[in-house]
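A.B. asks: Questions regarding the structure given below will be posed in turn.
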Amino acid sequence: MREIKVAAAQLGPIQKAESRAAVVARMIALMQQAKAEGCPLIVYPELALTTFFPRWYHEDRAEADSWFEAEMPSPATQPLFDAARAMGMAMSFGYAEKTPDGHHFNTSILVDAAGNIVGKYRKIHLPGHVEYDSERSHQHLEKRYFEPGDLGFPVWRTLGGIFGMCICNDRRWPETYREMGLQGVEMIVLGFNTPSVNSQKGAEGLAQRLFHHKLSVQAGAYQNATWVIAVAKAGDEDGHHLMGGTLIVNPDGEIVAESQTEGDELVIHACDLDDTVFGKETIFDFARHRRIEHYGRITAQVGVVLPPED
Ligand code: CDV
């Protein structure tokens, strides 16, 4: 048995005017609760430190830099790192990263109980658009503010298991899980900010959004025999609603715990990493059963499936 009791720390809404210091205080309060519940790991959402700013259009791209952290720990997050180290808590959270050479990424990190950043992931599947789009019910400007991640989908041997990360829209893509599954991942931690309506399809509302979210996460967990911890930022941010739906999904693809609110809330489950073994050694033993030589001629460069040759 390799049990790790995980706290999925859903954050309620963060308004545009809310300071990072106020958000970090909320994160520390959740961490204290998680510690009291006996959890050694806490997972926060995507872009945890601010409102979901890609909904706001800055004509001058440079203005958006105010949403980014130029270092990590940053001055604003140092109290979070200090609290985690004092409590001996490992953590993962998302933030907007500006690198010293001026690149911008939607990033998440994995921090061990001693406060060391042991893993960094940069979001690969960036949804949305680059320019202001008056046809949409709301803007989603991730493609304006971020570059696609350049680190792939690595896994890290830490906390007694094999851990991976992805961010929000990544969870809808089977490649995300499979890249990590092929490296033996046992727990994927991910955060998300998902508007409860589709900006291009008014008929797609909360129920369908939650359905697609669960479908993706549960399938990814099952098909790769891994735990998935999916953590929302939820609720009404300056009139823009984000769905909840924080989930802990086991390697059979079953939801074992989920959030009940759209506010700051811990979703806790004791996850046995050994529960991944059965799936990895039987139906999803990739070495024995994957048949890539029969999958058709797939061009590795562009991912296009070509028709069979005559
Ligand atoms: N932050 C996100 O990546 N959100 C997307 C929305 C735009 C569909 C998501 O996949 O949840």
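A.B. asks: Taking the criterion of being in contact with a helix residue (DSSP H, G or I) (Cβ under 9 Å, 6 or more places away or on another chain) and farther than 30 Å from SER199 by Cβ, would at least one residue in region 42-64 satisfy it?
C.D. replies: So the first thing to find is which residues in region 42-64 are in contact with a helix residue (DSSP H, G or I) (Cβ under 9 Å, 6 or more places away or on another chain), and the list is 42, 44-51, 53-54, 56-58, 61, 64.
Add one more test, that the residue is farther than 30 Å from SER199 by Cβ, and what stays is 42.
Among the residues of region 42-64, at least one is in contact with a helix residue (DSSP H, G or I) (Cβ under 9 Å, 6 or more places away or on another chain) and farther than 30 Å from SER199 by Cβ, which makes the answer yes.
A.B. asks: For residues that are among the aromatic types (Phe, Trp, Tyr) and farther than 22 Å from ALA8 by Cα, scanning just region 107-148, find the one that is farthest from the ligand (Cβ to nearest atom).
C.D. replies: Step one: of region 107-148, the residues among the aromatic types (Phe, Trp, Tyr) are 121, 132, 145-146.
Next cut, farther than 22 Å from ALA8 by Cα only: 132, 145-146.
Numbers: TYR132: 16, TYR145: 12, PHE146: 10 Å.
Top of the filtered list is TYR132.
A.B. asks: Taking LEU182, is it hydrophobic (A, V, I, L, M, F, W, C), closer than 13 Å to GLY220 by Cα, touching a residue at least 60 places away in the same chain (Cβ under 8 Å) and open to solvent by 10 Å² or more (accessible area, probe 1.4 Å)? Walk me through it before giving the result.
C.D. replies: Values: hydrophobic (A, V, I, L, M, F, W, C): yes; closer than 13 Å to GLY220 by Cα: yes; touching a residue at least 60 places away in the same chain (Cβ under 8 Å): yes; open to solvent by 10 Å² or more (accessible area, probe 1.4 Å): yes.
Answer is yes for this residue.
A.B. asks: Go through region 31-44 and give me each residue that's open to solvent by 10 Å² or more (accessible area, probe 1.4 Å) and not in a helix (DSSP H, G or I).
C.D. replies: Start the filter on region 31-44 by keeping residues that are open to solvent by 10 Å² or more (accessible area, probe 1.4 Å), which leaves 32-33, 35-38, 40.
Within region 31-44, GLU37, GLY38, PRO40 meet the criteria.
A.B. asks: Across region 89-106, which residue is nearest to the ligand (Cβ to nearest atom) among those that are among the hydrophobic types (A, V, I, L, M, F, W, C) and either part of a strand (DSSP E or B) or open to solvent by 60 Å² or more (accessible area, probe 1.4 Å) (or both)? Don't jump to the end; show me each part of the working.
C.D. replies: We begin by selecting, within region 89-106, every residue among the hydrophobic types (A, V, I, L, M, F, W, C); these are 89-91, 93, 96, 105.
Filter again for either part of a strand (DSSP E or B) or open to solvent by 60 Å² or more (accessible area, probe 1.4 Å) (or both), leaving 90-91, 93, 96, 105.
Numbers: ALA90: 24, MET91: 20, PHE93: 15, ALA96: 12, PHE105: 13 Å.
Ranking the qualifying residues of region 89-106, first place goes to ALA96.
Quick grid of which residues meet (1) open to solvent by 30 Å² or more (accessible area, probe 1.4 Å); (2) out of contact with any Pro (no Cβ under 8 Å at 6 or more places or on another chain); (3) more than 22 Å from GLU254 (Cβ to Cβ); (4) assigned to a helix (DSSP H, G or I):
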{"site": "TYR121", "(1), (2), (3), (4)": "no, no, yes, no"}
{"site": "SER137", "(1), (2), (3), (4)": "yes, yes, yes, no"}
{"site": "PRO148", "(1), (2), (3), (4)": "yes, yes, yes, no"}
{"site": "ILE162", "(1), (2), (3), (4)": "no, yes, no, no"}
{"site": "ARG178", "(1), (2), (3), (4)": "yes, yes, no, yes"}
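A.B. asks: With respect to GLY245, determine if the residue is at pLDDT below 95 and within 16 Å of the ligand (Cβ to nearest atom).
C.D. replies: Values: at pLDDT below 95: no; within 16 Å of the ligand (Cβ to nearest atom): yes.
Spelling it out, it is not the case that GLY245 is at pLDDT below 95 and within 16 Å of the ligand (Cβ to nearest atom).
A.B. asks: Still on this model: Is it the case, given these coordinates, that LEU47 is part of a loop (DSSP other than H, G, I, E, B) and either under 22 Å from VAL118 (Cα atoms) or polar (S, T, N, Q) (or both)?
C.D. replies: Criteria met by LEU47.
A.B. asks: Follow-up. Could you grab me the full set of residues in region 1-30 that are open to solvent by less than 20 Å² (accessible area, probe 1.4 Å), out of contact with any helix residue (DSSP H, G or I) (no Cβ under 6 Å at 6 or more places or on another chain) and closer than 15 Å to ILE229 by Cβ? Give the derivation first.
C.D. replies: The initial filter retains those residues of region 1-30 that are open to solvent by less than 20 Å² (accessible area, probe 1.4 Å), namely 4, 6-12, 14, 23-24, 27, 30.
If we keep only those that are out of contact with any helix residue (DSSP H, G or I) (no Cβ under 6 Å at 6 or more places or on another chain) as well, we get 4, 6, 8, 10-12, 23, 30.
Correct list: ILE4, VAL6, ALA8, GLN10, LEU11, LEU30.
A.B. asks: Out of (1) more than 15 Å from the ligand (Cβ to nearest atom); (2) among the small types (Gly, Ala, Ser); (3) part of a strand (DSSP E or B), what's the single condition that is false for ALA86?
C.D. replies: Among (1) more than 15 Å from the ligand (Cβ to nearest atom); (2) among the small types (Gly, Ala, Ser); (3) part of a strand (DSSP E or B), the lone unmet condition for ALA86 is (3).
A.B. asks: Now for a separate question. For SER137, work out the one condition from (1) free of Cβ contacts under 8 Å to residues at least 60 places away in the same chain; (2) closer than 22 Å to VAL197 by Cβ; (3) among the hydroxyl-bearing types (Ser, Thr, Tyr) it doesn't fulfil.
C.D. replies: Among (1) free of Cβ contacts under 8 Å to residues at least 60 places away in the same chain; (2) closer than 22 Å to VAL197 by Cβ; (3) among the hydroxyl-bearing types (Ser, Thr, Tyr), the lone unmet condition for SER137 is (1).
A.B. asks: Same structure again: Output the number of the condition that PRO174 fails; it satisfies all remaining conditions of (1) within 15 Å of the ligand (Cβ to nearest atom); (2) of a type outside the set (S, T, N, Q); (3) farther than 23 Å from LEU247 by Cα.
C.D. replies: (3)
The values are calculated or read from the model by the stated rules, or taken from the named source; none is laboratory data. All values reported here derive from a predicted model rather than from experimental measurement. Positions of Cβ are generated from backbone atoms using ideal geometry, with glycine treated the same way; all protein chains shown enter the neighbour counts. Note: accessible area is taken over every heavy atom of the protein model, side chains too, but ligands, DNA and RNA are not part of it. Shrake-Rupley method; radii C 1.70, N 1.55, O 1.52, S 1.80 Å.
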